Amino acid sequence: MPKAQKPTFRTLLVLGRVSNLPTVWSNSLAGWILGGGGSPGRLWLLTLAASALYVGGMYLNDACDAAFDRQHRRERPIPSGAITAGLVWRIGGCLLASGWLLMCCLGWSTACLGTLLLIAILVYDFVHKAVSFSPVLMASCRFFLFLAAASTGADRVTGLAVWSALALAGWIIGLSYLARRESTTHSLRHWPLAVLTLPLGLAWIANGNDTRLRALYLAVVLVGWSAWCLRHVWVDANRNLGLSVSGLLAGICLVDWLAVVPTYGWGSVFFALFLAAVAAQRLIPAT
């Protein structure tokens with residue numbers, strides 16, 4: 001393995017997969033809205049905590065995957081010698097602790113959900129390469145993040161927030177299934193991707209006559225984006241799962257937008273976050 005040098009700023013960004021942060025902010029905003037909204041200050045603090053937990057989790061992910069990356073992804077910062085594993089462990093641990101403490105400042109319910117989120121992140125990082133149900137573990141991280149965000153709202157965790165978190169989890173399971181095969185030559189079954197449709201089903205059920213048409217328009221956009229991303233999957237000879245996963249990750253912002261359609265407003269914010277995620281992926285790899 002190459003001798004590690006002083007890490008560059010870009011190395012730190014790549015380790016944290018910061019191009020996905022707009023999707024974390026999107027989850028935070030959508031959860032807060034479905035929790036009744038309220039104090040913008042609580043939303044900002046929650047978003048900062050969520051960002052620290054996400055980036056910290058990504059750092060630990062690379063630290064835990066160092067042996068795997070040396071065989072399959074030698075361009076990653078640790079096996080390439082861009083940074084030492086020890087420093088990655090320390091930064092990741094500090095970020096996770098900071099994010100959890102910030103969530104604890106938002107009240108008892110948010111602290112409890114933040115603790116569950118932290119546990120989910122740690123379990124995923126340490127065991128995801130060893131178990132077949134790792135997509136479910138990844139989905140649990142976004143599920144608890146969404147509920148933690150809802151708990152900061154004026155109405156706390158509402159029924160729609162719970163159902164939206166479950167629909168989001170389905171989307172994450174689908175893209176994580178692809179990501180699990182990104183660095184391997186394992187065969188790809190297409191039927192697990194059916195869970196990507198869960199947000200569409202919920203949108204149809206949750207919207208009444210007054211908002212169903214707007215939800216339908218956005219659902220068409222989400223389906224179109226999904227089809228564009230999955231074009232890399234259908235032909236095995238030329239499949240590029242990395243591009244598919246990256247696109248579906250950016251699509252999280254559209255999933256969140258679809259979840260809050262009944263509340264009116266905020267559409268431009270979610271669309272801006274989607275564009276930010278797509279643009280950031282051109283600079284920093286999303287996976």
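Summary table below
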item	result
Where a residue in region 143-157 is farther than 11 Å from Leu168 by Cα and its partner, wherever it lies, is of a type in the set (Ser, Thr, Tyr) and in a loop (DSSP other than H, G, I, E, B), with Cβ under 6 Å and at least six apart	Val157/Ser151
Top-ranked residue of region 217-233 - restricted to ones that are among the hydrophobic types (A, V, I, L, M, F, W, C) and without any contact (Cβ under 8 Å) to a residue 12 or more places away in the chain, ranked as nearest to Val18 (Cα to Cα)	Ala227
Selection within region 92-116 - crowded, with 20+ Cβ neighbours inside 10 Å and polar (S, T, N, Q)	Thr110
Any chance Trp89 is under 26 Å from Ile172 (Cα atoms), surrounded by 17 or more Cβ atoms within 10 Å (Cβ to Cβ) and free of Cβ contacts under 8 Å to residues at least 60 places away in the same chain	no
Leu15 being buried (at least 17 other Cβ atoms within 10 Å of the Cβ), more than 19 Å from Leu249 (Cα to Cα) and of a type outside the set (Asp, Glu)	no
Residues (among the hydroxyl-bearing types (Ser, Thr, Tyr), more than 22 Å from His72 (Cβ to Cβ) and assigned to a loop (DSSP other than H, G, I, E, B)) located in region 99-152	Ser151, Thr152
So Gly57, is it at negative phi, at pLDDT 95 or above and touching an Asp or Glu at 6+ places or on another chain (Cβ under 8 Å)	yes
Which listed residue, of Leu243, Leu273, is touching a residue at least 24 places away in the same chain (Cβ under 8 Å), on the phi < 0 side of the Ramachandran plot and not charged (D, E, K, R)	Leu273
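The values are calculated or read from the model by the stated rules, or taken from the named source; none is laboratory data. The shown structure was predicted, so the numbers you read here are calculated from the model rather than taken from an experiment. Here the Cβ is made from the backbone with ideal geometry for all residues, glycine too, and neighbour counts use every protein chain on show.
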